[in-house]
Structures are given as structure tokens and as C-alpha cells.
Amino acid sequence: MKGAGCGCVLLALLAFAAVTPHTALACQADPFALFRDDFSRSNAELGPDGDHLYFADGQLALKPDLNNGWRLPIPRFKLLGASYCAEFKSPTGPADTSAGIMFWMVDAANLFTAMISPDGTFHVSRKKDNTWQTLLTRASPKFKIGPGAVNEIKVITKKLVEVFGAASRYSLSDNSVFAVYLNGQFVTDMDVLAPKDGGFFGLFAESGGSQRSEWRVLNFSATALPLEPSGIYKVSGSVGGSGYEGKVTVDEAGDAYAVVWSINGKSMKGTGVLRGATFAVAYENAGKVELATYAPSGIDWSGKRTNSETGGQVVAETWLRQPR
Amino acid sequence: MDLVRLARGLAACFGIQVVAAHAAFGCAANAGVTFKDDFKAPTSRWAVDGNHSYFANGQLVLKPEPNGTTSVNVKESSLKSATFCLDIKSPADPNTDLAGGLMFWRTDTSNYFTALVGPDGTFAVRMLANNAWTTLAPATKFAKLNSGPNATNEIRATTLNNLITLYLNGAKALETSIQAPATGGEFGVYGESTRDKRSEWYIRDFNVVSLANPTGQYNVTRGGVAGAASVERRGETFRVVWTMNGRSVEGVGMLDGDIFSAAFVTGGEIGIATYTVSETGWNGFVRLGAAAQDMEHWIRR
């Protein structure tokens, strides 16, 4: 465990303040999603077997065996920080069944789930070394009850950063946080020791002992989220062959970020938004509007800025995260 | 939902127009292509090895070992959303237990996708993931395909986020959901040999059009308001002009893979717009000042 005494809790709160705006979007199709499927077409890669998993009525059907669960890991994509959203239609029949989103899945014996049951109960569980641990069970007033009711589950996972020891650099924390939303309303968040490299994600459903339950999934999406951009950075770049250095601060501002560059005694202010793995910032410089875009590089960012003074040429720039 | 349906309808119309024009031209390159090769002169872009893949008689030849496969990628050609077109001639031998065609979304030698045709008049879509094959669309007979030894067919595939559309000799053969790798991958060609001899596949024209090109004119909808947008390239950046409610606003944009961002100022407030490529243009969010962001759809004219 690195960084005893780190500010993980504070950073977790910071992380989820940024998450809040997403609730308004619900499962609205995110154009920046890494994975999204409305199941209007068959998707052979998901491995439909015609029994436990199949496509019907423009929906995905999950029908586990009696007293069993059925996992649908989405192939090929492994994520640490991400936003997942799915809409589930409850089955007819007994309520001893559940379905939801699976995340941070290392293998069949190690995974997390956020699931709902038709009676309005909500469960967050962890399977560790093949043993299930219930992290939370509660009834949710936001839940729509009964056969055919459609409910939306959203899970957001974030990796934290922390400063440790006397080092002047931030590092990845061993801890991560996840938050769960039901029908657009916050339900819970937890700070846990997540798999270091994240894991696969997907869907999970369970049947009770009296009847095989058929859950329908109307849509499912996953958007990769880089580390939270809020922080202080040492910035460096080059304009016309001349290098420069300075400081950049990024602070949350509603559903966006306030960005301030301080370079050679000059200050530039802008507004940034996080879209998938791209952090885009609009700012003004000498009365002209400019644009910057960055991609994550570990806990840092690298990208480019437009520069009206150099015509259509862009300026390469690197941000190195610093302690606050 | 209605917007999505409308967009799909327009996409279908656009697709028909593209195919109709395309059928007349074959896979010969038109203006605006991202990559093109008629193989009249060898180029260093193709990773040929001179044995299993080489240039001959104005064609790219694939000649795998018996019961083997060969793939050739175009070096440094990574794309996610694009339209690929190639003309491919089947081997001269009468065997039909083989296939050849397009390779796309290649991240390394063990991970790529293929859209293939066979000498028996079938097509298939397969994925190689960590060196293991998965069939995404099984071998299916298609009446528009030419079959038999030396049959020439045109493969045209559009990859867009999680949607692949396949046209064969100008006719739509398949539309299916397949998740793209996060940043797409390289493209190229793929061929198989029959069990007992080395088969020879011949690739003639090959061209690629990236769909992540923002330059153009668009009809725009944002929060129930209709308008227009135009984008023109300025070096490494783009000039963007929105015209909404009779007012024009100018901004500056940049392209990062499949994401197009633009900054603008209006009414003394700074705005930021981010879009990703869609079936018909671009979709994304616009945020002005401290106001909540609006979803915006661009439909290419």
C-alpha cells in the first residue's frame, strides 16, 4: 500500500462532484462511448447461444438457469475508470431474481456487480476468490416495481491519485471509488481496493429456484474515463522553436472545468470538458478564442493548442501533475 | 429517438447514392480519399514480404502457404471510422475452401478483423482476437457475388463506431454490430490458401475514405433549434461557422482521431463544442458559459 495518510477521501469526493452532471444525461446515448449497443441488431461477438443469451424484439435477453447466474463480459475491453449505463426490463414471475452491471471483472471468480431485483431491492456485491460478499442491499424508492418495469442502472468507477512520501509527484492510489445511480438518482458510492489494472465489464443476471427468469436489456454503454483532470500541473511547450514553461491549474466548475495557464507572468483562462479520453479546453488569448485538446498520459496530460499568431499551426504541450 | 430514425433514414438514402455512383466507378479512387492504391507502381506503404505478398502486373498478390493465411497491412494507417473499397480476384484453382478480402481494425498481428469473399460466392466477417478466430458473420451465399476461379468482386465496407456495413458488388450484404477497438487500427488485405497448394489472390484497386473528416457543410439541430454549420481546414486546425437563429458564430476546431472539438465566443461568453463522427455527420455536446450543455447533431449536406 503506497501513500499512507493520503488524501484519498477528499479526492474521492472531488471525483464524484464531477460525476454528478452525468446523472442528467441518464442512459442517453453517449456519442463518446467506447462500447454501446441498443441491441436492435444481433451482435455475434456477444456469443448468443439461443438459450441463456439471445436477441429478441430489438432487445438482449438474459435467461440464467435455475439457481444460477449468467455472465456476459463484453469481449476485448478492459477498463479501470469508466461510466457504465444499462436499462433493464424486469421479468415476469417470482422476485427471487436479479440483474445488473458487472465491472472490474478480473476473471469469473473476481468481479463486482450492481444489480436490481423486481421487488425494488438494490444490491452491490463483490465476488472475491469465488466468494460473494454483499457490500450493500437496500430498497430504493426510485425503483419501478413489477413485471415489465424498466429501470436504469449507472455505475461510474474512478481511479484516484494521491501524493505519497516526500515525493513531489503524484501517483496512482491503490484505491478506487465507484458510484451507483438508479434511474438517474445517486444511490451509493464506495472506496475500495480495486484491481490494479481494472477489469472487464458486462452484464450479469441470476434466476431463483422456481423459474428461469428472462431479463431484457434495452441498451448498454461504457465510456472510458481518464483520471480526473482537476489539479495543478507544470506545463511545458514550444512556440516557433522557443520553449516555454509555466503552471496550469484545473478546477471543477459545474459540469466543466476552469483552466488557467500562468506562463511568463501572463495568464490565460479557459473552460474545459472531458469527453471520453479527450480533455478539450476553449480559452481566450489576446482577445482571440483558442482551443486546446489533451489526452491522458498516466497521471499527466499531453496535447496541443491552437495559436492564432502562427496561423493554422498548433503548439504541442505537456502537463505534469504536481502536488497542490 | 425520432432524430435517430431520421438520421438512419438519411444514412440509408446517402448509402444508396454512394453505392450507385460507386458501382459505375468500381473501387477506383475518387476525390477525398484518405488512402488509395491502384498498384500500378509498388509503394513502401504496404508491408509486403516478397514471398507471401508482393506486387506483380499492376496488382498486389497474396500467396499464403498451403492451408495457411497471409495478411498485409498498410503501415501507419490507423483508422476507426472509414469506408474501405477493394477489388479482389479469386485464385485460379477450382477449390472453394478459402476466402480473401479486407483486413481492418488491425492492432497487431494477433488482433484484427476481416470482411471476406470466397470463390464459392459466399461472404463472411471474422475477428482474430489474441490469435483466436471468432466468426461474426458466418459464410453466407450472396447472389451478387461472382463465383468460380478468377472471379473478381468488389468489397466495400463502412466501419463506424460499433456498426459495420458491407456492400458486395454494389449491393448491401450485411449490417451488423461489432465493437471497434478504442482507436481503431490499421487496414490492409487478407488471403487464405487451399489445403494442398499455395493459392494466389489478386488485389486491384484499393481505396479508403476516413469518415472522421469534419470539412464540409452541415444541417444542425441543437435543443430543438435548427441551423447550419460549415467547416473548412486551416492548416492543422479548422474554421467552424455556426449559423443558428439567423446569427453566425465563428470558432476554431481541431481533430483528434474520431473526436472533433471547437472553441468559440459569443455574447462575451466562451463556448466549447465536442463531437464524434456519426452515421450521417457528427454528434456531440455544446456548452456555452455556465449554461448546461446541449446535445447537437450535424447532418452532412
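The values are calculated or read from the model by the stated rules, or taken from the named source; none is laboratory data. Just so we're clear, the structure is a prediction, and the values are computed from it rather than from any experiment. Neighbour counts are summed over all protein chains in view; Cβ atoms, including those assigned to glycine, are modelled from backbone coordinates with ideal geometry. Surface areas here come from the heavy atoms of the whole protein model, side chains and all, with no ligands, DNA or RNA. Shrake-Rupley method; radii C 1.70, N 1.55, O 1.52, S 1.80 Å.
Quick notes on this one:
- Averaged over its residues, the protein assembly as shown has an accessible area of 40 Å² per residue, based on protein heavy atoms and a 1.4 Å probe.
- Derived scalar couplings ³J(HN,Hα) [region B:212-224; Karplus, 6.51 cos²θ - 1.76 cosθ + 1.60; whole Hz; x for Gly, Pro]: 8, 10, x, 4, x, 10, 9, 8, 10, 10, 9, x, x
- Semi-axes of the equivalent ellipsoid for chain A, Cα gyration tensor, largest first, Å: 42, 21, 16
- Per-residue shielding of B:118-130, expressed as the average number of other chain Cβ atoms within 10 Å of the residue Cβ, stands at 1.
- Reachable aspartates and glutamates, given that their alpha-carbon falls under 13 Å from the alpha-carbon of A:LYS269 and they are not under 8 places away in the same chain: A:ASP251, A:GLU284, A:GLU290, B:GLU269
- Remark: mean inter-chain Cβ contacts per residue of A:40-47 equal 5, using a 10 Å Cβ-Cβ cutoff to other protein chain atoms.
- From phi via Karplus (6.51, -1.76, 1.60), per-residue ³J(HN,Hα) for region A:185-199 in Hz, x at Gly/Pro: 10, 4, 10, 6, 9, 9, 9, 9, 8, 8, x, 4, 9, x, x
- Dividing the helix sum by the residues of chain A, where each DSSP H run of 4 or more adds -39500 (n - 2.57), gives a mean residue ellipticity at 222 nm of -1000 deg cm²/dmol.
- In the complete set of protein chains, residue-level accessible area for A:LYS247 is approximately 100 Å², probe 1.4 angstrom.
- log10 of Debye I(q)/I(0), alpha-carbon scatterers only, for region A:39-142 at 0.11, 0.13, 0.19, 0.20 Å⁻¹: -0.37, -0.52, -1.18, -1.30
- Residues in region B:101-111 carry Karplus couplings, in order, of x, 8, 10, 8, 6, 8, 9, 6, 5, 9, 9 Hz; the curve used is 6.51 cos²θ - 1.76 cosθ + 1.60 with θ = phi - 60°, and Gly or Pro positions show x.
- For region B:130-282, fraction of C-alpha pairs farther apart than 23 Å, in %: 55
- Stokes-Einstein diffusion for chain B, with the hydrodynamic radius set to the Kirkwood value over Cα pairs and evaluated at 10 °C in a medium of 1.306 mPa s, equals 77 µm²/s.
- Most tightly packed first, judged by the mean number of other beta-carbon atoms within 10 Å of their residues, the peptides B:115-128, A:131-144 read B:115-128, A:131-144.
- Förster-model FRET efficiency, 30 Å R0, B:ASN57 and A:SER42, C-beta, rounded to 0.05: 0.15
- Burial order of peptide ranges B:219-225, B:33-39 (average beta-carbon count within 10 Å, highest first): B:33-39, B:219-225
- Within chain B, helix-based [θ] at 222 nm, where runs of 4 or more DSSP H residues each add -39,500 (n - 2.57), nearest 500: -3000 deg cm²/dmol
- In this structure, the amide hydrogen of B:LEU174, modeled 1.01 Å from its nitrogen in the peptide plane, lies closer than 5 angstrom to those of B:LEU166, counting only residues at least 5 positions away or on a different chain.
- Taking label points 7 Å from Cα along the Cα-to-Cβ direction, A:VAL192 and A:TYR54 give a separation of 3.3 nm.
- Here the simple spin-label model places points 7 Å from the Cα toward Cβ, and for A:ALA109 and A:GLN313 these points are separated by 5.9 nm.
- For region B:152-230, the spread of Cα positions along each principal axis, largest first, Å: 64, 25, 23
- Averaged over peptide A:283-295, the number of partner chain Cβ atoms lying within 10 Å of each residue's Cβ comes to 4.
- Beyond 32 Å in Cα-Cα separation lie the following of the pairs A:LYS78/B:LYS63; A:LYS154/B:LYS75; A:LYS304/B:LYS80; A:LYS154/B:LYS80: A:LYS78/B:LYS63; A:LYS154/B:LYS75.
- Protein accessible area in region B:73-196, 1.4 Å probe - carbon and sulfur %: 45
- Accessible area (Å², 1.4 Å probe, nearest 10) - B:ILE299: 40
- Taking the square roots of five times each eigenvalue of the Cα gyration tensor of region A:165-324, the equivalent ellipsoid has semi-axes of 40, 19, 14 Å, listed largest first.
- Sequence-distant residues sharing a close amide H with B:ASP120 (under 5 Å, placed H): B:GLY148
- Looking at region B:19-173, the pairs of alpha carbons with a distance over 21 Å make up 45% of the total.
- Label-to-label distance, nm, for residues given as B:THR243 and A:THR92 (7 Å Cα→Cβ offset): 5.6
- Using alpha carbons only: equivalent-ellipsoid semi-axes of the protein assembly as shown, gyration tensor based, whole Å: 40, 34, 24
- Residues of region B:274-301 with an amide N closer than 15 Å to a point placed 7 Å from the Cα of B:ASN219 along the Cα-to-Cβ direction: B:280-282, B:297-301.
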